[in-house]
Amino acid sequence: MALFNTKLLICAAGIFVCYFYFGMLQEKITRGQYGDGENREKFTYMFALVFTQCLVNYIFAKTILLTVMKQGEDTTSTWYYSLSALTYLLAMVCSNMALQFVSYPTQVIGKAGKPIPVMILGVLLGKKVYPVRKYIFIFLIVIGVALFMYKDGNISKKQTESQLSVGELLLLLSLTMDGLTSAIQERMRAEYNSKSGHMMLNMNLWSVIFSSIVILGSGELMEFIYFLQRYPSVIWHIMTFSIAGAFGQYFIFLTVAEFGPLPCSIITTTRKFFTVLGSILIFGNNLSSRQWLSTCIVFSGLFLDAMYGKDKNKKETVK
């Protein structure tokens with residue numbers, strides 16, 4: 001049990017640290033201004049960025065499997081890998097598109113509900129069994145994170161009801177894709193005992209294939225190359241961004257393979273909470289009463305889930 005807890009703690013710390021750095025670079029790349037005067041421009045080549053990231057992830061996974069983490073022969077169905085890679089990419093696309101129609105707090109609150117479709121689709125497709133109290137504890141975590149991340153402010157009058165409905169639909173689709181990805185990964189573990197390294201290698205391989213089709217078909221690849229020629233400093237940012245993402249994804253896949261998708265979804269959901277909390281503590285900003293309340297809710301949910309979330313007589317099993 002102690003070894004189990006230590007390994008899970010290491011995985012969680014790896015996800016938190018890597019994606020904290022990953023997030024800073026992501027904002028720097030996508031929101032930065034390039035050039036001088038009237039010629040200033042923004043980075044808009046998102047599919048090319050995803051392609052680069054997935055390619056680095058693939059190389060990283062290949063290197064790990066050949067040197068450090070030899071996991072033997074992989075018998076997992078190619079169909080599972082390609083389908084999970086597709087749902088993963090669709091989740092990212094829908095989430096990014098949703099920001100065109102809804103505010104960022106709404107998007108955060110929507111994505112904070114990721115553990116819910118993970119559990120529902122895990123039961124329906126992955127045939128997982130969870131005790132009722134575990135649902136309650138995870139709801140506490142989700143509510144706490146959403147409450148903390150929410151920023152007070154008036155909704156823009158430019159947002160019409162039709163725009164909001166489209167944005168909410170995109171968030172729902174994104175959450176559904178997240179749940180499908182986790183359910184497919186659960187079936188991999190149940191039917192083939194898929195290992196983390198093989199999952200990371202093959203999912204990124206298929207992600208590279210799908211994203212390359214998009215950037216080649218749309219002509220984005222050449223525009224991306226021309227942008228890098230104009231601003232070569234971006235190359236370093238993109239490479240370090242991709243490397244941080246590769247290490248972070250390695251810890252994610254390791255968590256999924258060793259402990260299942262639900263603990264992974266809890267870790268990745270609370271990652272934003274701890275990232276924001278750390279930023280507030282570092283820069284000396286005061287927490288509002290609402291933020292202190294949300295902090296208590298999140299830690300209460302985490303504590304209760306760790307202590308009482310598992311059914312002693314009927315643990316989380318695959319039927």
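The values are calculated or read from the model by the stated rules, or taken from the named source; none is laboratory data. Values in this document were obtained by computation on a predicted structure and should not be read as measured data. Here Cβ is always computed from backbone atoms with ideal geometry, including for glycine, and neighbour counts include all displayed protein chains. Note: accessible area is taken over every heavy atom of the protein model, side chains too, but ligands, DNA and RNA are not part of it. Shrake-Rupley method; radii C 1.70, N 1.55, O 1.52, S 1.80 Å.
Couple of notes before you dig in:
- If you go through the stretch 42-79 and pick out every residue that is under 22 Å from SER218 (Cβ atoms), open to solvent by 50 Å² or more (accessible area, probe 1.4 Å) and not hydrophobic (A, V, I, L, M, F, W, C), you end up with 3.
- Residue selected from the stretch 29-40 under the condition free of Cβ contacts under 8 Å to residues at least 60 places away in the same chain and either in contact with a Cys (Cβ under 9 Å, 6 or more places away or on another chain) or open to solvent by less than 80 Å² (accessible area, probe 1.4 Å) (or both), by the criterion farthest from PHE241 (Cα to Cα): GLY37
- Unmet criterion (only one of (1) open to solvent by 10 Å² or more (accessible area, probe 1.4 Å); (2) at pLDDT 90 or above; (3) over 21 Å from LEU83 (Cβ atoms)) for ILE209: (3)
- Of all residues in the stretch 71-85, those that are within 13 Å of MET199 (Cβ to Cβ) and in contact (Cβ under 8 Å) with a residue 60 or more places away in the chain have Cβ atoms under 6 Å from Cβ atoms of residues that are of a type in the set (Gly, Ala, Ser) and open to solvent by less than 60 Å² (accessible area, probe 1.4 Å), 6 or more apart or on another chain, in GLN71/GLY197; THR76/SER194; ALA85/SER207.
- Which numbered condition LEU125 fails, given (1) open to solvent by 70 Å² or more (accessible area, probe 1.4 Å); (2) modelled with pLDDT of 80 or more; (3) closer than 30 Å to PHE247 by Cα: (2)
- All positions within the stretch 185-194 that are part of a helix (DSSP H, G or I), touching a helix residue (DSSP H, G or I) at 6+ places or on another chain (Cβ under 7 Å) and farther than 18 Å from TYR130 by Cβ: MET188
- Of all residues in the stretch 10-28, those satisfying the criterion of being open to solvent by 80 Å² or more (accessible area, probe 1.4 Å) and at pLDDT 85 or above are ILE10, VAL17.
- Complete set of residues in the stretch 227-254 that are without any contact (Cβ under 8 Å) to a residue 12 or more places away in the chain and over 12 Å from ALA48 (Cα atoms): GLN229, PRO232, SER233, ILE235, TRP236
- Condition check for SER194: in contact (Cβ under 8 Å) with a residue 12 or more places away in the chain, under 22 Å from LEU90 (Cα atoms) and among the polar types (S, T, N, Q): no
- Put simply, of ILE64, ILE15, ILE29, ILE59 the only residue that is in contact with a His (Cβ under 6 Å, 6 or more places away or on another chain) and part of a helix (DSSP H, G or I) is ILE29.
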